[in-house]
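The values are calculated or read from the model by the stated rules, or taken from the named source; none is laboratory data. This structure is a prediction, so every number in the text was calculated from the model and none was measured. Because the Cβ atoms are built from the backbone with ideal geometry, glycine has one as well, and the counts that use them run over all protein chains shown.
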Amino acid sequence: MIAFIIRRLFASIGVLIAVGLIAFVLFRYIGDPVNQMVGIETPESERVALRQQLGLNDPAPVQALRFLANAARLDFGISYQFKQPVSELIGARMPATLELAFVASIMSLVAGIPMGVYTALHRRSALAKLFEALSLVGISLPTFLIGILLIYLFAVTLGWLPSFGRGDVVHIGSWWTTGLLTKSGLKSIIMPAITLALFQMTLIMRLVRAEMLEVLRADYIRFARARGLSERKVHFRHALKNTLVPVITVVGLQLGSIVAFSIITETVFSWPGMGQLFLQSVQNVDIPIMAAYLLFIAFLFVIINLVVDLLYAAVDPRLRVAIHGA
Amino acid sequence: MQIELTKKARMLALATLGAAAMITGPFLATDANAKTLRFAFQGELKAADPYAINESFSLSVNGSVYEGLIRRGQDMKIEPCLATSWETLDPLHWRFHLRKGVKFHEGQDFTADDVVFSADRVHSAGSDIKNRVPLDAKVVKVDDYTVDFILKTPNPLLLNEWETWGIFSKKWSEEHGATEATAMNATTPPYAALHANGTGPFMLVSHEPGVKTVWKKNPNWWDKPKHNIDEVVFTPIPSNATRVAALLSGEIDWMDPVPLPDQARVNANPGTEVLAGPEIRTIFLGFDQIRPELGHSNVKGKNPFKDVRVRKAFYQAIDEEAIKTKVMRGLATPTALLIAPSLYSESKDFKRIPFDPEASKKLLAEAGYPEGFEVQMNCPNDRYVNDEAICQAVVGMLARIGVKIDLLSEPKSKFFARITAAGGYDSSFYLLGWTPSTLESYNVFQYIIGCRDEKGNGGGNNVGGYCNPKVDQLAKEALQEPDQEKRDDIFKQAWQLSLFDDVAYIPLHQQALAWGVSKKTHVVQRPDNYYIFAWVNMD
């Protein structure tokens, strides 16, 4: 098991270096950072001096190596636009994003699994049809549109929920902030979380439904029924448990995408998370922030993949043998 | 047993969190009578240090904290601020008398040392507003409340941009290692990027970059406040739809800008309205007139834009009235000059060269292009109001005289990297906007119309490289002329020569400002689009 983890960690480092290099190549095509750092009247001579100071005139391989060397020491430098250390800026935004991702995941699980089970068990009922129609909406409407629709309905028309921001936050420890303990914070997270969760919920519901239908046709379910077990036991003890393996994989992997793709939701709701910071950085060609963010997301995916593999082993005994054997 | 334990653990965790909430709770509560102005803008405040970037949003917002020796009133007129009066002993020698009894927010006294220090700081390596004080000027303390500026060349416009040259406390800056403006290659975060200590009507409480900035009223301000607010909370809201929604739902009191398609909605809502007014930025089209052959055209071996007839043909082919009504929905003021009417007294004497496609075709034929030609046009798509739509309209209008435009619209980060000196002025035909930061004509002649070399020395933002030494000579004469009326007369000749005889540029319009405000919030809109908290009153 330990060998497996170590092997995966080495592979992860390879992935991170690759992401770092690809990111670096991309940055060369998004414009000149100096243009965003100074006003339009700043003479060219000063711009040249600034480019020199930032090391933007060095050959590309030198810049790439310097970038990777600094990244290895977790030194991402100072943001061009905000003149603050990148690690602090991202650190300050991280709780907002993780909290949103966490609440959205819980929402999508809590709503998605029962809906999936229900639509599988009562395929012909009107409610199941409604759920499926809803899931189509969730999968086909783009996130920003859902967000804006929610804002116009609940913030502008009804005035129940705030349209932007995170509300009041409470500091826990030295750097974590949470909005889950204040009334305005809780109100603020509802719409962004729903927007972010809708797609995931749809995905989980459809996955659970498909898996459940598959499992319900399996022989051991028929035997269970033949043994005279109650329907409830058959459905939830035997069928649901076996559908959960692929669901765990997908939910785990989706957690990474929830964090990564919260960019759009965060922009629509001006949610002060990492995604919004990333988008501001793209507009301002703030290379240090972009680089650090991309590496962070890559790291997150790598970790999540690892954890999912391990969880898999815990849920499915057959895989444990395979891992040990390999 | 196991279940009980987890239950207990959960209760414990909840209790801890609850306690944390109770401890921090009271600090979040605010005085019920306190008036808070909630302000939103599409961009973010980059740094609390006003020297860090020469950008109007940062300059205007930081201007509530840091004051200059002068300031501008609601009519844009220069009025005394930290200097109570000044005189020119001779054209090279200015004397400023400073206001007595002014204190910085953290209690330091304001004296001549702070002015001398701020003049050094504004020239430090990281400063982006070095041009506020001429580099070769000497700043001399005469006594604690008198400062002399000794210049190398006469400059009647010395104070024009001093509203945004905020004075720093020497003592405070030295204590906190902030004697240099926020340097770009700093390895430690600069103190002044997050903290501020000025003399102005508002004090910085907190600045979370890109998230939220809070100021509170300075109770010890030297001047009598014209506002009644206690606190200002600024949030950047980049998404247009969300910013409009937040205003409509009453979560913010003031925001900028209201996108054109949403203006009717904001006005229809009972609690909100759009405050529109002419801005001083001029939008115009420019041509490459410096290269022997255009970089992006099917005309080879020569540059058609070197021929004034071609430039005039383009000018007369553009129906600015249509751009105003169709593209800008009426929210633009067509202009014949590259300066707003409010900034130049004789602008009413100029009329646009009339729209006349037939004359255009004739001019093109005379110049040897009866069938027209092809050329690429560069256009930003996220910089000015409806910039891309204006360019598309221009493409259609020029098609009518046979000119085929290949339109390249890009985000500002790419657009400016391409067309400015850094990109080698790589454009044949382009759209640009310009606000003269000194609020008078000379600035336009200096940056936009003045001759430049290939590296950008001279008129650094003269992308097309138009050059007429006579115009440059007139502009220089004007700069030396202390009398305002005589100066304006010299500029009149220079405008006539450059924009009408030479058709150096095609001026289009001054775009309109569009602020969204709640009807309970009374703000003052200045044409330079500055957000001045000290003039805000709330019911």
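Listed values, structure above:
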| read-out | value |
| --- | --- |
| Those helices (runs of 4 or more DSSP H) lying entirely in the range A:257-326 with at least 2 residues at pLDDT below 80 and buried (at least 16 other Cβ atoms within 10 Å of the Cβ) | A:287-315 |
| Cβ-Cβ under 8 Å pairs, at least 6 apart or on other chains, the range A:128-148 side within 13 Å of A:Thr195 (Cβ to Cβ) and touching a residue at least 40 places away in the same chain (Cβ under 8 Å), far side in a helix (DSSP H, G or I) and among the aromatic types (Phe, Trp, Tyr) | A:Gly138/A:Phe199; A:Thr143/A:Phe199; A:Thr143/A:Phe261 |
| When residues of the range B:225-238 are limited to those that are within 14 Å of chain A (Cβ to nearest Cβ) and modelled with pLDDT of 90 or more, the one surrounded by the most Cβ atoms within 10 Å (Cβ to Cβ) | B:Ile237 |
| The listed residue being part of a helix (DSSP H, G or I), surrounded by fewer than 16 Cβ atoms within 10 Å (Cβ to Cβ), more than 9 Å from every other protein chain (Cβ to nearest Cβ) and under 21 Å from the mean Cα position of the chain (by Cα), out of A:Ile139, A:Ile146 | A:Ile139 |
| Whichever residue in the range B:429-486 is among the β-branched types (Val, Ile, Thr) and out of contact with any Pro (no Cβ under 7 Å at 6 or more places or on another chain) and, among such residues, is nearest to A:Arg47 (Cα to Cα) | B:Val463 |
| Top-ranked residue in the range A:124-134 [being part of a helix (DSSP H, G or I) and at pLDDT 85 or above; ranked as nearest to A:Ala111 (Cα to Cα)] | A:Phe131 |
| Sole exception among (1) surrounded by 19 or more Cβ atoms within 10 Å (Cβ to Cβ); (2) over 22 Å from B:Gln316 (Cα atoms) for B:Arg383, by number | (1) |
| Residue match in the range A:74-88 (condition: modelled with pLDDT of 80 or more, under 16 Å from A:Ile297 (Cα atoms) and among the polar types (S, T, N, Q)) | yes |
| Residue that is surrounded by the most Cβ atoms within 10 Å (Cβ to Cβ) [pool: residues in the range B:320-330 that are in contact (Cβ under 8 Å) with a residue 12 or more places away in the chain and either in contact with a Ser or Thr (Cβ under 6 Å, 6 or more places away or on another chain) or farther than 13 Å from B:Ile283 by Cα (or both)] | B:Val327 |
| Hey, B:Arg311 of a type in the set (D, E, K, R) and on the phi > 0 side of the Ramachandran plot or not | no |
| Exclusive hit being in a helix (DSSP H, G or I) and either at pLDDT below 95 or within 26 Å of the chain's Cα centre (by Cα) (or both), set B:Ala264, B:Ala313 | B:Ala264 |
| Qualifying positions in the range B:137-157 - at pLDDT below 90 and surrounded by fewer than 19 Cβ atoms within 10 Å (Cβ to Cβ) | B:Thr153, B:Pro154, B:Pro156, B:Leu157 |
| Which numbered condition B:Gly460 fails, given (1) within 13 Å of chain A (Cβ to nearest Cβ); (2) surrounded by fewer than 22 Cβ atoms within 10 Å (Cβ to Cβ); (3) not charged (D, E, K, R) | (2) |
| Among (1) buried (at least 21 other Cβ atoms within 10 Å of the Cβ); (2) touching a residue at least 24 places away in the same chain (Cβ under 8 Å) - the single one A:Val170 does not satisfy | (2) |
| One residue from A:Ile106, A:Ile90, A:Ile113 being touching a residue at least 60 places away in the same chain (Cβ under 8 Å), surrounded by fewer than 23 Cβ atoms within 10 Å (Cβ to Cβ) and farther than 17 Å from A:Trp176 by Cα | A:Ile113 |
| Conditions (1) assigned to a helix (DSSP H, G or I); (2) touching a helix residue (DSSP H, G or I) at 6+ places or on another chain (Cβ under 7 Å); number of the one not met by A:Ala3 | (2) |
| The one condition in (1) of a type outside the set (Val, Ile, Thr); (2) surrounded by 15 or more Cβ atoms within 10 Å (Cβ to Cβ); (3) more than 22 Å from the chain's Cα centre (by Cα); (4) part of a loop (DSSP other than H, G, I, E, B) that B:His97 fails to fulfil | (4) |
| Wholly enclosed helices (runs of 4 or more DSSP H) of the range A:11-123 bearing at least 3 residues on the phi < 0 side of the Ramachandran plot and away from every other protein chain (no Cβ under 14 Å) | A:60-72, A:86-121 |
| Index of the failed condition, B:Gln446 passing every other in (1) within 12 Å of chain A (Cβ to nearest Cβ); (2) not in a helix (DSSP H, G or I) | (2) |
| Yes/no for B:Phe305 being of a type in the set (Phe, Trp, Tyr) and surrounded by 20 or more Cβ atoms within 10 Å (Cβ to Cβ) | yes |
| Residue, surrounded by the fewest Cβ atoms within 10 Å (Cβ to Cβ), within the range B:181-201, restricted to residues that are assigned to a loop (DSSP other than H, G, I, E, B), at pLDDT 85 or above and within 14 Å of chain A (Cβ to nearest Cβ) | B:His195 |
| Residues satisfying the stated conditions in the range B:394-416, i.e. crowded, with 18+ Cβ neighbours inside 10 Å and in a helix (DSSP H, G or I) | B:Val394, B:Met397, B:Leu398, B:Lys412, B:Ser413, B:Lys414, B:Phe415, B:Phe416 |
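To keep it simple, each residue is scored yes or no on (1) part of a loop (DSSP other than H, G, I, E, B); (2) surrounded by fewer than 21 Cβ atoms within 10 Å (Cβ to Cβ); (3) at pLDDT 90 or above; (4) of a type in the set (A, V, I, L, M).
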position	(1), (2), (3), (4)
B:Pro370	yes, yes, yes, no
B:Ala389	no, yes, yes, yes
B:Gln392	no, yes, yes, no
B:Asp426	yes, yes, yes, no
B:Leu432	no, no, yes, yes
